[in-house]
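The values are calculated or read from the model by the stated rules, or taken from the named source; none is laboratory data. The structure displayed is predicted, hence computed values, not measured ones. Quick reminder, even Gly has a Cβ in these numbers, built from the backbone with ideal geometry, and neighbours come from all protein chains shown.
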Amino acid sequence: MSTNMTSLPVTLLAVPAAKNGRLSAFLRQPTFVAGLLILGVVMTLACVADLLYPGDPQDLVGPPLLWPFQKTEFQLGTDSLGRDIAAGLVHGARVSLIIGFSAASIGLLIGTLVGAVGGYFGGLADNVLVRVTELFQTVPAFLLVVVIVAIGEPSLKVIALAIGIASWPTIARLVRAQFRSLREQDFVMAARSLGYSDTRIIFVEILPNALPPVVVTASVMVAGAILTETGLSFLNMGDPNVVSWGSMIGDGREMLRTAWFLTALPGTATALTVLALNLIGDGLNEIFNPRMRER
Amino acid sequence: MQLLDVENLQTSYHSHGRILRAVDDVSFTVGKGETVGLVGESGCGKSTLGKTILRLVPSSAGQIRFSGADIAPLSGKALIPYRRRMQMIFQDPFGSLNPRQTVRTLLDTALKVHRLGDVTERTRRINETIDRVGLPRTALSRYPHEFSGGQRQRIGIARALILEPELIVCDEPVSALDVSIQAQILNLLVDLKRDLGLSYLFISHDMSVVRYFTDRVLVMYLGRIVESGSYETLWSNPRHPYTRALIDAVPSYDAQKKRTAVVLKGDLPSASQVPSGCRFRLRCRFAQERCSDEEPALRRMPSGQSVACHFA
């Protein structure tokens, strides 16, 4: 062993204090905050729907075709059958959000599993899974949803499942790409040299690092699912037992020229919610951007 | 019995129908408590050799005997007891630590996976290891991005030590660090070796770093070992023109030496198109006709080293 080595003392090196910049990064983005606020209002209304408007929103409660602000009892008016529009909007918010979040969760679950397994193991498993993903992508998503709902029954569960099944390929491709680049990283090598199992490496080591772009996409997926459900209900293929924004738009279509508020109100609600989710997605994208963290 | 005994090891990749031998017929040993340096240019297969020995990359032929047992054919669960006994320190202190785990999690997971002790025992081992690498215990609750390069490399060393291995493959552990930090990390590695009786396979492209450190040196060129011997012998009397060029590449204040220095021409050829005969001949200024016909074998010299050159 050589003797001319300078013997520097191993000092207790100063470790910088933990930075707490995440919260301020959130709040510095007005569009992200606006998205959160809108979604927050919609969610709150959906949660307290039964308190605000007890009873079934499909009940005929007043005279038909009241315009908004015409009567204090029905602030947003009534439709052609005398159903309260405000009650429909609030209860419809619940349906839209349930569908949106459960469909996105199903899509996330399938997509993450398929993408992670294919991207991590590569080879034959990857080849097969990529082909299956491409097969799903060749079918127009909305058509696939229509077919699945037509084969099954138009219940909330089946609709959510159908939208989830139609939307997982996007997530699968994203997760696969992330896994393919992350599995080459040295920290994955290190995990392997420590004797970790493949399952642990996939879910504990790699997945948390692959999540940021997936979370961003998921928020947009929720918005997409809400739109798909609205489209289904507009085509009268939604769950007939619940009021949703899509079915309200569909019902008001005939009277578009005389009573345009019947379609405009649920349409605005849909647009605002989808906009809010997209704003949140954009905001998350910025927040997860590694260059943001340095500031 | 040697701690590590590698015999005729080969690692090949298949790429576009061609076979690429990143490691080609390599044999060497690492004894208990010994440090063996592995030197060569980027892309010559040193890292692949290190990873093959640790079974992170599959080998295609040959034996890797670890304290007597051939681990080359093992896979899955059968490898786990050996994983504990050999570890790796990586070159890039930024990519080698999971950015989403605190230092404590990083170290604790390894102990949990190998079922080593209960909570108090694991805490004791973690504290002991973090003290050993010269980091304060407050570092345990921090994430990797909160540390500097040198500190991160200490965390990487702590992770390699936590399972108390016998052999550590150091894959260019200081080449990504500032020169001032390099000396600190090298000193730490020397101290650890002395205190824990570790054996190192020390991979580097820089002869001057290897000088601080190693008992024996292997010089690798295009997947093969072209010269091996004790560090002193190689430094004072390199017999292979490639070793000579590597030594001459170390910066020196000696003007006389600079004038006679051998500078390598050209780039390392692709491992998928190895030249016929001696694989160094295209860049060798002594190359003759014989070199393109006949591949030189690794021969033992009277001066103590082994050289693969016809004219050594």
Checklist entry - Could you say whether any residue in segment B:67-85 is loosely packed, with under 15 Cβ neighbours inside 10 Å and acidic (Asp, Glu)? => result yes
Checklist outcome for this item: With criteria (1) over 22 Å from the mean Cα position of the chain (by Cα); (2) touching a residue at least 40 places away in the same chain (Cβ under 8 Å); (3) away from every other protein chain (no Cβ under 14 Å), A:Gly152 comes up short on (2)
Checklist entry - Has segment B:241-264 got any residue that is at pLDDT 85 or above and charged (D, E, K, R)? => result yes
Next on the checklist: Just to verify a result, which residue in segment B:162-199, among those that are under 22 Å from B:Cys44 (Cβ atoms) and over 15 Å from the mean Cα position of the chain (by Cα), is farthest from the other protein chains (Cβ to nearest Cβ)?
Outcome noted: B:Leu177
Checklist entry - Under 6 Å by Cβ, and 6 or more places apart or on different chains, what pairs join a residue from segment B:118-131 that is under 19 Å from B:Pro144 (Cβ atoms) and in contact (Cβ under 8 Å) with a residue 40 or more places away in the chain with one that is surrounded by 20 or more Cβ atoms within 10 Å (Cβ to Cβ) and among the aliphatic types (A, V, I, L, M)? => result none
Checklist entry - Any residue at all in segment B:203-213 that is within 25 Å of B:Asn8 (Cβ to Cβ) and of a type in the set (A, V, I, L, M)? => result yes
Checklist entry - Take the residues of segment A:19-37 that are in a loop (DSSP other than H, G, I, E, B) and surrounded by fewer than 16 Cβ atoms within 10 Å (Cβ to Cβ): which is modelled with the highest pLDDT? => result A:Arg28
Checklist outcome for this item: Of the residues in segment A:187-199, those that are within 32 Å of the chain's Cα centre (by Cα) and facing chain B (nearest Cβ under 7 Å) number 1
Item to check | Selected residue (only one of A:Val175, A:Val214 is modelled with pLDDT of 95 or more, surrounded by 16 or more Cβ atoms within 10 Å (Cβ to Cβ) and under 26 Å from the mean Cα position of the chain (by Cα)) | outcome: A:Val175
Checklist outcome for this item: Filtering helices (runs of 4 or more DSSP H) wholly in segment B:195-312 for at least 1 residues that are surrounded by 15 or more Cβ atoms within 10 Å (Cβ to Cβ) gives B:207-211, B:231-236, B:241-248, B:289-293
Next on the checklist: Condition first: surrounded by fewer than 21 Cβ atoms within 10 Å (Cβ to Cβ) and closer than 23 Å to A:Glu229 by Cα. Now tell me which residues in segment A:82-93 satisfy that.
Outcome noted: A:Ala86
Item to check | helices (runs of 4 or more DSSP H) contained entirely in segment A:85-171, each with at least 3 residues that are touching a Leu at 6+ places or on another chain (Cβ under 9 Å) | outcome: A:85-121, A:141-151
Checklist entry - Does segment B:135-143 contain any residue that is within 23 Å of B:Met86 (Cα to Cα) and more than 8 Å from every other protein chain (Cβ to nearest Cβ)? => result no
